Amino acid sequence: MNELRTTVRAKSLITGKYIKGAYFDGYILEGSMIEANDEYCVVEQWTPIDKDTLGAFTGGYDMHNKPIYENNNVIVHKLNVHKKCTILENGTTFMFVDDNGIRVRGVYKNNDDVEIVDRD
């Protein structure tokens, strides 16, 4: 994944905390664009990240209105069944997958039944 991807989060190699921004080639670009032209761009800060923690924003929010990112661990509270899942990208959409790798159906990204368990 070397292309520019916006609205992602990953752990900073400097602080060890999750940061959000645009991703490019092992870095998250934080802050605003200072200068850009056809040859280069200058942003406020390029932060090196742990690529294994990189996740795109799904466009959805959990029951506490927290944004859901790819690779978040969530609990799905549906019909009084509590199931731990991970959010994975599936082409152009995101899906909920349980610990056995089985897709959990009937769960949507703006669902009051979803709760993130790995808070930033």
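Any read-out appearing in this document is the output of simple, stated calculations on the displayed coordinates, not a laboratory observation. What you see is a predicted model; the values in this text were computed from it and never measured. Cβ atoms come from the backbone with ideal geometry, glycine included; neighbour counts cover every protein chain shown.
Tabulated data
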{"item": "Per-residue ³J(HN,Hα) for segment 45-61, Karplus 6.51 cos²θ - 1.76 cosθ + 1.60, θ = phi - 60°, Hz, x for Gly and Pro", "result": "8, 9, 10, x, 10, 7, 4, 5, 9, 5, x, 7, 5, 7, x, x, 10"}
{"item": "Cβ-Cβ FRET estimate between Glu30 and Val97, R0 fixed at 25 Å, reported to 0.05", "result": "0.25"}
{"item": "Loop-resident sites, segment 16-76, for GluC sites (Glu not before Pro), counting at most 14 other Cβ within 10 Å (DSSP)", "result": "Glu39"}
{"item": "Distance in nm between pseudo-label sites at Tyr40 and Glu115 (7 Å out along the Cβ direction from Cα)", "result": "5.0"}
